[in-house]
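Asker: Have a look at the structure that comes next, please.
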Amino acid sequence: MSLGNSFGLCFFHSLLSQLQTKAVKSSLLVFRRLLQSNLKPSDLTFSLLIKASASSSFASNSLKPKLEANQIHTHLFKSGIIQLAYIRTGLLNLYVNLGCVKNARFLLDEMPGRDVVAWNALISGYSKNGYDFLAFNLFIEMVREGFRPQATTLVGLVPSCGRLELAFQGKSIHGIGVKTGLDRDSKVKNALTSMYAKCGELEGAEILFEEMVEKSVVSWNTMIGAYGQNGLFVEAMVLFKKMRAQAVEANYVTVMSLLSANADHETIHCFAIKSGIVNNASVVTSLVCAYAKGGDSESAELLHKSLSHDNLVSLTALISSYAETGNMDKVVVCFTRSRQLDMELDAVAMVSILHGVKNPAYIAIGLAFHGYGIKTGLCIHCLVTNGLISMYSRFNDIEAVLSLFLEMQEKPLISWNSIISGCVQAGRAGDALELFFQMMMYGYVPDAITIASMLSGCSQMGYLQYGKKLHCFILRNNIEMEDFISTALIDMYIKCGSIELAERVFRGIKEPCLATWNSMITGYGISGFENKALNGYTELRKRGLKPDKITFLGVLAACIHGGNVDKGRRYFQIMTEEFVWGALLDGCCIHQEVKLGEYLAKKLYLLDHTNGGLYVSMSNLYASEGMWDDVARVRQIMKDTGGDGSSGASLIELTS
DNA sequence: GCACTGTGTA
């Protein structure tokens, strides 16, 4: 009998250890089978059971693994095996992997003779789950109780300092490492390198990296990532080449780090194929994200389909790339697919979708997603509420915006920013100003984004005095003056009638971006400085910037204002010869010039009647003016000609 | 060691 028992157990043990690597079916199922066979599980059985559950519990959002962990916990409790330290730590680790840090904490607190391994498990558990302060406090508690930290302790704790950008605490840990000699451990060195990089102290990272005698692939990856995170993309690539030169084999993290360091995704894709890393799901997901970000939704979708298991991150990237271009039909298709797979969207995906609801024609879809958000509880996230606020403010529904805002339980700065910019965009600068004062009364300090919105509000109302106060605020608080803020500031001074002050701001900028040039050119135009506007255009071209629709409208407005028809005609010719007419048509959407738009659309049709984008632009233009009958008419034409304006397939049909 | 995300200018 006892021999039978040990044979039976051996059989189930080997089954459980196979599950660890395959991680397919529920390990608990195997365990139940074992109990049904009247076998008595030993501590080894439980150890294997816990390990098998832990390896299959990752990347799952569902409740099932958590319930399974609870069941294992119960069995352990009933059999008394939970008293064994190594079993208890295993269970603690399982809870940590499932994100149940409270249960893990309970296990540590009630542990009779807890050892340093248990402390390590919970410290790194807190850190992994983003409870950075708890991780730090636990470390202090551990040291106070007289435990000596190990290399594993530091490896678990140091990432928390990087995430919180607690450089000082990170350095203290580094100090402890030096004192105890633990810093000689290569894992500790890698963790510290990453911490310095995340805190923006690249020099520290470089020193540690150079110091390492034996650089593993993890070390190289860490340093490549360090450069990438700090915007030094060329350095990241150079280091990758060095790594290759030293014959260190790249792995999936290398590929992902390079992708996030803005490396050309097609090149990296080739490299991944050649080195056989392309089968890795994380790499494919990152590639989907890279293609999606680059606007190549088609390639992104192809890659996404090649994944054996659909995952939310990849799907979200795909959804957001469709949403970015306002292609809500595709977004809905992706959403439907996620429902069929029984995948629940998260707040990040929801936000991407809401971002895509720009065209008034899709307002019903926006409302439907609002409903979905309420039903699923996603609306509790302030991320989602901010998305809803922006969506409703795009449609000037300020009442909806205000009620959403009032219902928010916590109102972080970003939500104030959402609602203030929402009011400004809806042309209600007065309300924006009132909210701005309220925000200040609550003790919030405005950031660059608040200021940019408020400046835009001042332009609307012509509040020069208040605009000047905001300018002072920017100077006093050393708020970054480039691009957004300076453009808004210039625009404010122009709209408030002070071209001189606008010029002064403009001259203070070293490298004005296109938007800044545009606002200055437009400003000169409407203030009657036609020549200065045209000089601005020449200067901008000299600097190698590519003018866009707003530049052209600014230049044309300057010519019209100066009554200089000939010059206007000449610039108009340059635009039509060098750039597409379509840019001008989209420009009409911004200024809601329906008549001019129709004229341009006819011209464009003669040039290229297969251009589906033409109909889309016209439909958008009509929609922006609320001319719904005309929108319907254009859509009917699109249907009749078989072009839906976006799919490549229909274009092939038309030309064949 | 890694991927998806909101608020801002013309």
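Asker: What ranking of A:Glu434, A:Glu324 emerges when the number of other C-beta atoms within 10 Å of each C-beta is taken as an exposure proxy, fewest first? Provide the component values of the computation, followed by the final result.
Answerer: Details: A:Glu434 13, A:Glu324 16.
Fewest to most other Cβ atoms nearby, the residues stand as A:Glu434, A:Glu324.
Asker: Another question about this same structure. Once you keep just the Cα pairs under 8 angstrom separated by 6 or more residues, what percentage relative contact order results for chain A? Spell out each step's value before the answer.
Answerer: Values: 792 pairs, mean separation 25.4, N = 656.
The normalised contact order for chain A reaches 4 percent.
Asker: Below 16 Å, Cα to Cα, which aspartates and glutamates can A:Lys358 reach? Residues fewer than 8 away in the same chain don't count.
Answerer: A:Glu324, A:Asp329, A:Asp397, A:Asp586, A:Glu625
Asker: For an R0 of 22 angstrom, estimate the FRET efficiency from the Cβ-Cβ distance between A:Cys10 and A:Ser79 and round to the nearest 0.05.
Answerer: Values: r = 19 Å, r/R0 = 0.87.
Between A:Cys10 and A:Ser79 the formula returns 0.70.
Asker: Can you pick out the pairs among A:Lys293/A:Lys542; A:Lys64/A:Lys411; A:Lys495/A:Lys532 whose Cα atoms lie more than 22 Å from each other? Mind showing how you got there, number by number?
Answerer: On the way: A:Lys293/A:Lys542 30 Å; A:Lys64/A:Lys411 34 Å; A:Lys495/A:Lys532 17 Å.
Over 22 Å apart, Cα to Cα: A:Lys293/A:Lys542; A:Lys64/A:Lys411.
Asker: For the range A:214-295, what is the convex hull volume of the alpha-carbon atoms per residue, in Å³?
Answerer: Spread over its residues, the Cα hull of the range A:214-295 gives 82 Å³ apiece.
Asker: Ok, one more. Considering only the other residues whose Cβ falls under 14 Å of the Cβ of A:Gly146, what net charge follows from Lys and Arg at +1 and Asp and Glu at -1? Walk me through the intermediate numbers first.
Answerer: Values: positive: A:Arg114, A:Arg144, A:Arg148; negative: A:Asp115, A:Glu141, A:Glu145.
Around A:Gly146, the surrounding residues sum to 0.
Asker: When Lys and Arg each count +1 and Asp and Glu each count -1, what net charge do the other residues less than 12 Å away from A:Val248, Cβ to Cβ, add up to? Before the final figure, lay out the partial values.
Answerer: Working: positive: A:Lys215, A:Lys241, A:Lys242, A:Arg244; negative: A:Glu214, A:Glu249.
Net local charge, A:Val248 excluded: +2.
Asker: Let me ask you something else. As a check on your grasp of the helix formula, calculate [θ] at 222 nm for chain A: sum -39500 (n - 2.57) over DSSP H runs of n ≥ 4, divide by the residue count, round to the nearest 500.
Answerer: Numbers: 39 runs with 488 residues, N = 656.
The helix-only estimate for chain A comes to -23500 deg cm²/dmol at 222 nm.
Asker: Where in the range A:262-286 does the amide nitrogen come within less than 12 Å of the point 7 Å from the Cα of A:Arg337, taken along Cα to Cβ?
Answerer: none
Asker: Would you list which lysines come within 26 Å of A:Lys187, measuring only between C-alpha atoms, while excluding same-chain residues fewer than 8 positions from it?
Answerer: Filter leaves A:Lys51, A:Lys128, A:Lys171, A:Lys179, A:Lys198, A:Lys215, A:Lys241, A:Lys242.
Asker: Let me ask something additional. Cα centroids of the range A:245-293 and the range A:333-411: how far apart, whole angstrom?
Answerer: 33
Asker: With angles folded into 0 to 90 degrees, how steeply does helix A:448-461 sit against the dominant principal axis of chain A? Use alpha carbons for both and round to 10.
Answerer: 20
Asker: How compact and how long is the range A:341-422, expressed as Rg and Dmax of its alpha-carbon atoms in Å?
Answerer: For the range A:341-422, the Cα radius of gyration and maximum Cα-Cα distance read 12.0, 39 Å.
Asker: Considering every pair of different Cα atoms, what Kirkwood radius, in Å, is found for the range A:109-159? Don't skip to the end; give the middle numbers.
Answerer: Values: mean 1/r = 0.0936 Å⁻¹.
One over the average 1/r among Cα pairs gives 10.7 Å for the range A:109-159.
Asker: Specify the longest stretch of chain A that does not include any exposed loop site, a site being one of the trypsin sites (Lys or Arg not before Pro) with a non-H, G, I, E, B DSSP assignment and at most 15 other Cβ atoms within 10 Å. Present the calculation step by step, with values, prior to reporting the outcome.
Answerer: Values: sites that count: A:Lys25, A:Lys510, A:Arg543.
Between the exposed loop sites, the longest stretch runs A:26-509.
Asker: Moving on to the next point. Can you give the extra length, in nm with one decimal, that the chain gains between A:Arg633 and A:Asp310 once fully stretched, where that is 0.36 nm per residue apart less the Cα-Cα distance?
Answerer: Numbers: separation 323, 0.36 × 323 = 116.28 nm, distance 3.88 nm.
Difference between extended and current length: 112.4 nm.
Asker: Next question. Along the charge dipole of chain A, which of A:Leu312, A:Gly125, A:Val238 sits closest to the positive end, that is, farthest toward it, with unit charges on the beta carbon of Lys, Arg, Asp and Glu (+1, +1, -1, -1)?
Answerer: Value computed over the given set: A:Gly125.
Asker: Can I ask one more? Once R0 is set to 41 Å, what does the formula 1/(1 + (r/R0)^6) return for the Cβ-Cβ distance between A:Ser275 and A:Asp566, expressed as a FRET efficiency to the nearest 0.05?
Answerer: Rounded to the nearest 0.05, the efficiency is 0.10.
Asker: Helix A:265-274 sits at what angle to the longest principal axis of chain A, using alpha carbons and giving 0 to 90 degrees rounded to 10?
Answerer: For A:265-274 against chain A, the angle is about 30 degrees.
Asker: Helix A:151-163 sits at what angle to the longest principal axis of chain A, using alpha carbons and giving 0 to 90 degrees rounded to 10?
Answerer: 20
Asker: Quick one: dipole size for chain A, taken about the Cα centre, charges +1 on Lys/Arg Cβ and -1 on Asp/Glu Cβ, in debye to the nearest 20.
Answerer: 1420
Asker: Quick one: length gained pulling A:Val234 to A:Leu475 fully straight, 0.36 nm per residue minus the C-alpha distance? Show your work: numbers first, answer last.
Answerer: Values: separation 241, 0.36 × 241 = 86.76 nm, distance 3.29 nm.
My answer for the length gained is 83.5 nm.
Asker: Once phi is turned into ³J(HN,Hα) by the Karplus curve 6.51 cos²θ - 1.76 cosθ + 1.60 with θ = phi - 60°, what whole-Hz value does each residue of the range A:306-317 show in order, with x for glycine and proline?
Answerer: 6, 6, 6, 10, 4, 10, 5, 5, 5, 5, 5, 4
FYI, it's all coordinate maths here, none of it is from the lab. Please read these numbers as outputs of a predicted model, since none were measured by experiment. Cβ: placed from backbone, ideal geometry, glycine included. Neighbour counts: every protein chain shown.
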